[in-house]
Amino acid sequence: QVQLVESGGGLVQAGGSLRLSCAASGRTFSSYNMGWFRQAPGKEREFVAAITWSGEITDYLDSVKGRFTISRENAKNMLYLQMDSLKPEDTAVYYCATSTTWISRRARGAYVYWGQGTQVTVSS
C-alpha cells in the first residue's frame, strides 16, 4: 500500500552536494525502518544508508560514511539523504525503501516497498 517517490537527483561536479528526498504516502510512515539503495548500470543494487522508525539509529555503507547523512521527518512522511563531497563513484540511480526489520537492514530482501529511483550523476 505504501508508495514512495524520490526526488532531488541531478548532475553535480565532484566535491559538490545534493539532497535527495523520498515522499511516502499514507499515515503509517513512522512504523517503518527506511533505507537508501543505489544501482549503477550493470551492477547490483547496493545498500547506502538506513534509519530506524524512530530516527535515533542510523547505519551507512563504509564508503559514504562521513559524507552522507540520512534523516527523516515522520510528521511530514519524508526521508532525506544529504550527500556531500560527492565522487564519480557515487553515480547511480538512488532508491528509497521501507522495511520492518533492523537486523537485516543491509539486505535488499528485507525491503518490501521501493520508490522509482532518482538519477545522481557526479562528473569528474
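The values are calculated or read from the model by the stated rules, or taken from the named source; none is laboratory data. Bear in mind the structure is a predicted one, so any value in this text is a computation, not a measurement. FYI the Cβ positions are ideal-geometry reconstructions off the backbone, even for glycines, and counts take in every protein chain you see. Side chains included, ligands, DNA and RNA excluded: accessible areas come from the protein's heavy atoms. Shrake-Rupley method; radii C 1.70, N 1.55, O 1.52, S 1.80 Å.
For the reader, a short list of remarks on this structure follows.
- Filtered residues of segment 54-86 (kept if outside any strand (DSSP E or B), surrounded by 14 or more Cβ atoms within 10 Å (Cβ to Cβ) and in contact with a strand residue (DSSP E or B) (Cβ under 8 Å, 6 or more places away or on another chain)): G55, L61, V64, R67, N77, D84, L86
- Residues that are in a helix (DSSP H, G or I) and open to solvent by 40 Å² or more (accessible area, probe 1.4 Å), drawn from segment 87-101: P88, E89
- If the condition is being among the small types (G, A, S) and either in contact with a strand residue (DSSP E or B) (Cβ under 7 Å, 6 or more places away or on another chain) or part of a loop (DSSP other than H, G, I, E, B) (or both), then segment 102-113 contributes S104, A107, A110.
- Boolean, S21 is touching an Asp or Glu at 6+ places or on another chain (Cβ under 8 Å), under 24 Å from Q1 (Cα atoms) and modelled with pLDDT of 95 or more: yes
- Subset of segment 102-124 [loosely packed, with under 12 Cβ neighbours inside 10 Å and over 15 Å from the mean Cα position of the chain (by Cα)]: I103, G109, S123, S124
- Flag if G26 is modelled with pLDDT of 95 or more and among the small types (G, A, S): no
- Contacts under 8 angstrom Cβ, first residue in segment 62-74 being in contact (Cβ under 8 Å) with a residue 12 or more places away in the chain and over 30 Å from T28 (Cβ atoms), partner among the aliphatic types (A, V, I, L, M) and surrounded by 15 or more Cβ atoms within 10 Å (Cβ to Cβ), 6 or more apart: R67/M83; R67/L86
- Hey, G26 on the phi > 0 side of the Ramachandran plot and of a type outside the set (D, E) or not: yes
- Every listed requirement among (1) under 19 Å from L18 (Cβ atoms); (2) of a type in the set (S, T, Y); (3) in contact with a Ser or Thr (Cβ under 9 Å, 6 or more places away or on another chain) is met by T52 save one, (1).
- Hits in segment 1-53 (condition: touching a helix residue (DSSP H, G or I) at 6+ places or on another chain (Cβ under 9 Å), outside any strand (DSSP E or B) and open to solvent by less than 30 Å² (accessible area, probe 1.4 Å)): V2, F29, A40
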